[in-house]
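A quick write-up on the structure given underneath.
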Amino acid sequence: MTDTNAPIGVFDSGIGGLTVMKEIMHQIPDEKIIYFGDTARVPYGSKSRETVTKFSRQIVHFLESQHVKAIVVACNTASAYALDELERETEVPIIGVVKPGARAASEVTKNGKIGVIATAATISSAIYSSYIKKKKPDVEVIERACPLFVPLVEEGLWRDPVTDEIARRYLAELIDIDIDTLVLGCTHYPLIRETIGRIMGERVTLVNPAYETARELKELLQREELLRKVRPALGDNQYQFYVSDASEKFKQFANSIIKYGILSAKTLNVEGY
């Protein structure tokens, strides 16, 4: 029987998955979490399905070695390319960020026009469109790759004229089509949600898959009777962070996102798993 006190594993290609971790920390505050950011091999969005699947498999093997009770693939590209295979290969419950976001979008749209912005890999997979149409076949899904958003976010340019200008160019087509719902299909994008929301206008509902994924994780743990009963004691190392490179830069960035007071991030060669 799985230990309810075991940690949850969360991984991403880098730092974007911290937006998912932040939501999990908020919605299920008693849980222990191990986060892995593949900062040496970011970005995943420009890599092949085979490469992303290989990287994801290595990370899952590491998290399994830490005896996690559930795994969250907090990366849209890995969710699109590798999740089905990972589900077949591991006995640990595992969820991605695409299905929760797609479900929410299908539920909130009123005019049946849904936009999706994401990395080139996620857009080329058409996975959001596929899941949304399974939920609501008659909707129109317009997908747009926004590759410059990730480097802008990682450079900390969340509220910058450059980001505004790039966002206006990317989003102009979606505004013209008159969508009423927009999925932030990359875990980096919630960090520039304010900019995206301002440009799209109040009539467009922004769907944050990070929030929806945390909700689905909580429901999964409840269903499997895996929710932790008591919050970890002070000094019990509730949150652990691992990266494949640049731990100091990651630590600074992580503190700016989740504001937890992260004291360290361990560097790990995940290729050995």
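The values are calculated or read from the model by the stated rules, or taken from the named source; none is laboratory data. Everything numeric here is computed off the predicted structure, so don't read it as measured data. All Cβ positions, glycine included, derive from the backbone under ideal geometry; neighbour counts span all protein chains shown. Heads up: the accessible areas ignore ligands, DNA and RNA and are worked out on the full protein's heavy atoms, side chains in. Shrake-Rupley method; radii C 1.70, N 1.55, O 1.52, S 1.80 Å.
Before moving on, here are some points about what is shown:
- Over the stretch 1-154, Cα pairs under 8 Å with separation of 6+ residues give a relative contact order of 22 percent.
- About the Cα centre, charge dipole magnitude for the chain (Lys/Arg +1, Asp/Glu -1 at Cβ), debye: 260 debye
- Using the Karplus relation 6.51 cos²θ - 1.76 cosθ + 1.60 with θ = phi - 60°, the per-residue 3J(HN,Hα) values for the stretch 248-253 come to 5, 5, 4, 4, 5, 5 Hz, with x marking Gly and Pro.
- Value of relative contact order over the stretch 99-209, rounded to a whole percent, pairs C-alpha under 8 Å and six or more apart: 36 percent
- GNM result for the chain, Cα springs below 10 Å: residue of ALA105, ALA126, ALA254 fluctuating most strongly: ALA126
- Ratio Rg/Rh, restricted to the stretch 99-209 and using Cα atoms, in which Rh is the Kirkwood radius: 0.94
- Distance between the pseudo-spin-label points of ARG169 and GLU91 (7 Å out from Cα toward the beta carbon): 5.2 nm.
- Residue-wise HN-Hα coupling along the stretch 219-232, computed from phi with Karplus coefficients 6.51, -1.76, 1.60 (Hz; x: Gly, Pro): 5, 4, 5, 5, 5, 8, 6, 10, 5, 5, 7, 10, 5, x
- The chain - percent relative contact order, Cα under 8 Å, separation 6 or more: 28 percent
- For the chain, with all protein chains in place and a probe radius of 1.4 Å, 49% of the accessible heavy-atom surface sits on carbon or sulfur.
- Where the stretch 171-239 is the region considered: accessible area per residue in Å², 1.4 Å probe: 48 Å²
- Rounded to the nearest 20, the size of the Cβ-charge dipole of the stretch 55-134 about its Cα centre is 480 debye, with Lys and Arg at +1 and Asp and Glu at -1.
- Gain in span if fully extended, THR4 to SER124, counting 0.36 nm per residue against the direct Cα distance: 39.4 nm
- Neighbours of GLN238, meaning other residues whose beta-carbon lies under 11 angstrom from its beta-carbon, give a summed charge of 0 when Lys and Arg score +1 and Asp and Glu score -1.
- Selected from CYS146, ALA120, VAL207, residue furthest toward positive end of dipole (the stretch 99-209; charges at beta carbon): VAL207
- Angle in degrees between helix 49-65 and the longest Cα principal axis of the chain, rounded to the nearest 10: 30 degrees
- Highest mean packing comes first when the peptides 73-85, 212-224 are listed by Cβ atoms within 10 Å, giving 73-85, 212-224.
- Each Lys and Arg Cβ is given +1 and each Asp and Glu Cβ -1; about its Cα centre, the stretch 99-209 then shows a dipole of about 500 debye.
- Pairs exceeding a 30 Å alpha-carbon distance, out of LYS54/LYS266; LYS110/LYS229; LYS99/LYS259: LYS110/LYS229.
- P(r) of the chain over all Cα-Cα pairs, binned every 5 Å from zero, in whole percent: 1, 6, 14, 18, 20, 17, 12, 8, 4, 1, 0
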